[in-house]
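Since the structure comes first, as structure tokens, the remarks are kept for the end.
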Amino acid sequence: MISKRGIIVWISAFVTFLAIMASFSMAVLLVNEGAGAIVTPYILGNIAGALSVEIYLWMSITFTFIFLGITCILIYLKQPPDPEIVKLLLKVGGNLAALRKTQENSITEIAEQIEYGRKINQKFFSTVSSDLKEDKKETMEILANHRKAFKKVRTDLISTIETKATETGEKMSADLKKQETVMLGVKRLSEEGTTDLKNQRAELEEIKLRLERIEGNMVPNQANLKSLDNPEDIKGIGPALGKELRTLGVTSVGDFLTTDPSVIGEKTRISKEMAENLQASAQLMMIPGVDSNDAELLIESGIKSRKELAAHELIQLSRRVGEIAKIYVDQGKISKEDYPTIEEISAWIRNAR
């Protein structure tokens, strides 16, 4: 419920507000109308009549401060305490006192429990520390004994190893000296054997050459190409050209030699000149001792038939063939082993006749 004091405070505050508004209104009017303006208030006009703006402004300000002071005095004036509130506060105070006492008792119990636990822990840790010290002492003694034993074993082991190593080294040194002596003897025998082997190999090579010469003189050389061989056996004729030659009826080396080179050049992929060179190569390869490389050397020397080879002088032909063979060796067409000797060229001429 709203008390009388509250109603009076609200009325005083409202009147203060009206006085403030009147002061503000007069200040605005003073600024707009200027000094000396006459105004008739709504309430005071019936009593005081018309007033100047300055007087009304000062009156409004005075009433504002008066009513503002009254309002403040009413607000801050000490009131008698409410019995209900006093009872409530006393009850709360009693509860707080009981709660404080309960908390103090709880704190005391907790402190006692903590102290008891601290004593128990202190006793436990004291016992553990004592046990650890004893165990540490025993462990250190055991480690010291083990260290002494290990040191003794290590010393004995090192001594034994050194003794064995010395004995083994001396024995190995003696064995190495013996082996060195044996190796020197073996090396000497090996060198002597190597010399003997070289001499024997040279003798065997000489005997082999003699046998080959004797065999060459006793056994006539066979021709590398015969008339009944296939045309493909001629160097320079492959499967494709051989097939074309067979369509012309050329099935053997003899047929190839007797066929007109003009016909071969006209009916096959090769020219007439190529056909003539192939026929010359085939004719020369039919001479015993002349292979494809030899035939090529002879053709390059200007010899294309058996008759021409038989008519040549040995030294002159050897010189010409040797010059061409040297060029072929430099170009890699033939190897040094295929380089014809004078004896071989002499055999060619002899067999061609």
Here the relative contact order (percent) of the chain, from C-alpha pairs under 8 Å and at least 6 apart, is 9
Two-decimal Rg/Rh of region 219-272 from alpha-carbon positions, Kirkwood Rh?
-> 1.03
Sorted largest first, the C-alpha extents of the chain along its principal axes in whole angstrom are 181, 95, 41
Between Ser346 and Asn230, what is the FRET efficiency for a Förster distance of 35 Å, r being their Cβ-Cβ separation, to the nearest 0.05?
-> 0.70
Which of the lysines could a cross-linker span from Lys198 if the Cα-Cα distance has to be under 22 Å and same-chain partners fewer than 8 positions apart are dropped?
-> Lys187, Lys208
Would you compute, from DSSP H runs of 4+ residues alone, the mean residue ellipticity of the chain at 222 nm, taking -39500 (n - 2.57) per run and dividing by the full residue count, rounded to the nearest 500?
-> -27000 deg cm²/dmol
May I have the pair-distance distribution P(r) for region 50-197, computed from all Cα-Cα distances with 5 Å bins from 0 and rounded to whole percent?
-> 2, 6, 4, 5, 4, 4, 4, 4, 4, 4, 4, 4, 4, 3, 3, 3, 3, 3, 3, 3, 3, 3, 3, 3, 2, 2, 2, 2, 2, 2, 1, 1, 0, 0
Give the angle, between 0 and 90 degrees and rounded to the nearest 10, that separates the Cα long axis of helix 272-285 from the longest principal axis of the Cα atoms of the chain.
-> 60
What is the calculated FRET efficiency for Ser305 to Leu197, with r their C-beta to C-beta distance and R₀ = 41 Å, to the nearest 0.05?
-> 0.25
How far apart, in nm, are the 7 Å Cα→Cβ label points at Phe125 and Thr258?
-> 13.0
quick shape note, region 223-352: Cα extents on principal axes in Å, largest first -> 43, 30, 21
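Read the figures in this text as sums done on the coordinates, not as results from a lab. The structure displayed is predicted, hence computed values, not measured ones. Don't worry about glycine lacking a Cβ; one is built from the backbone with ideal geometry, like all the others, and counts go over all protein chains shown.
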